[in-house]
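For reference, the structure discussed in these notes is given below.
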Amino acid sequence: MKQKVTVVGAGNVGATAAQRLAEKELCDVIVVDIIEGVPQGKSLDLTQAAPIEKHDAHLTGANSYEASANSDIVIITAGIPRKPGMSRDDLLSTNRGIIRSVTKEVVKYSPNAILIIVSNPLDAMCHVAMEESGFPKHKVIGMAGVLDSARFRAFISMELSVSVENIHALVMGGHGDTMVPLPRFSTVAGVPITELIPATRIEEMVTRTRNGGAEIVSLLKTGSAYYAPASAAVEMAESILKDKKKILPCAAYLTGEYGISDLFVGVPVKLGAKGIEQIIELKLSAEEQQALKKSASAVQELVDAMKKMA
Ligand code: APR
């Protein structure tokens, strides 16, 4: 393949992302993990599936970063996932250390890459990656909104028995309990769901979307969601690799947009070959803007907490 993507973390999200990247024949894939043998073993296993799945993407596993050199994109999934009863914020200190060390290695070998961050707490980890990499803001992008919106879309599809392909949805804000699903901007074949579903039911679906990750954690008991998170990261990577310029909700570093500054928050962005090529500023109602502000302050709290850490 002409293009190259490194996935750091060969766990549930990372391995699934590697599989989807290869099976869509988007790029060659390097999988890096600290556990000896695991990225190599999973890459070999995926390579042996290639003749059946009919793709020619090359997969390479490694415990160091040499093989990742000159990647176009690096997807960072390294870190610990949450367990039942934990919030994403409980991962802050451990994953901060991991993202710091990973980012340092990544940029040494791929100074021109675009970083897609997946590790949680997502928005805070984007700050760590941007600080550690010194990359410009359009090259550090967090995966959250595509996942949260996909969850909302799935629930809308289940509610109305309509193809998921007809459904668009928008979830903005931080990737936590205060995220902001926006029914007004969520549509079925172009019709806002506010015209199709009673308000009280929409409210229940919004709540289920906000708790979408926790619902899966409590079912799995030993880890967190990975099929949909991997799909979401790969949709972002595909838009960049193919310069598709899709509008997708992603965590982006805001510098005044939506009245928010110096903070990663989920907003609709245009993703193309340069990374974030535009931040789309929607006209929000006072109530929506208020909810976004509240969500941004939850992110700010984590950023402040990190400043107090050694
Ligand atoms: N360098 C490389 N890999 C690392 C490092 C490191 N410093 N530290 C941990 N890892 C690897 C682990 O060895 C493990 O294989 O990260 C992988 C994480 O995989 P899982 O435990 O299966 O977790 P996963 O479900 O993939 O979630 C990863 O994504 O969605 C988020 O909240 C989730 O932060 C979590 C991350």
Exercise. Go through the stretch 1-31 residue by residue and tally those that are near the ligand (Cβ under 6 Å from one of its atoms) and either more than 22 Å from Leu147 (Cα to Cα) or part of a loop (DSSP other than H, G, I, E, B) (or both).
Key: 3
Quiz item: Name the residues in the stretch 128-166 that are in contact with a Lys or Arg (Cβ under 8 Å, 6 or more places away or on another chain) and among the hydrophobic types (A, V, I, L, M, F, W, C), would you?
Solution: Val128, Met130, Phe155, Val164
Quiz item: Quick check: is even one residue across the stretch 52-66 more than 20 Å from the chain's Cα centre (by Cα), within 24 Å of Gly97 (Cβ to Cβ), more than 9 Å from the ligand (Cβ to nearest atom) and part of a helix (DSSP H, G or I)?
Solution: yes
Quiz item: Residues of the stretch 21-48 being free of Cβ contacts under 8 Å to residues at least 12 places away in the same chain and small (Gly, Ala, Ser), which ones?
Solution: Gly37
Practice problem: Sort out which residues of the stretch 50-63 are touching a residue at least 40 places away in the same chain (Cβ under 8 Å) and open to solvent by less than 100 Å² (accessible area, probe 1.4 Å), and write them in order of number. | Solution: Ala57, Leu59, Gly61
Quiz item: Under 8 Å by Cβ, and 6 or more places apart or on different chains, what pairs join a residue from the stretch 84-107 that is without any contact (Cβ under 8 Å) to a residue 60 or more places away in the chain with one that is part of a helix (DSSP H, G or I) and among the hydrophobic types (A, V, I, L, M, F, W, C)?
Solution: Asn95/Met125; Ile99/Met125; Ile99/Val128; Ile99/Ala129; Arg100/Val128; Thr103/Val128; Thr103/Ala129
Quiz item: Residues in the stretch 157-195 that are surrounded by 15 or more Cβ atoms within 10 Å (Cβ to Cβ), out of contact with any Phe, Trp or Tyr (no Cβ under 8 Å at 6 or more places or on another chain), part of a loop (DSSP other than H, G, I, E, B) and hydrophobic (A, V, I, L, M, F, W, C): how many?
Solution: 2
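The values are calculated or read from the model by the stated rules, or taken from the named source; none is laboratory data. Since the model is a prediction, treat every value here as computed from it, not as a measurement. A quick note on method: Cβ atoms are made from the backbone with ideal geometry, for glycine too, and the neighbour counts reach across all protein chains shown. These area figures cover heavy atoms from the full protein model, side chains too; ligands, DNA and RNA do not enter into them. Shrake-Rupley method; radii C 1.70, N 1.55, O 1.52, S 1.80 Å.
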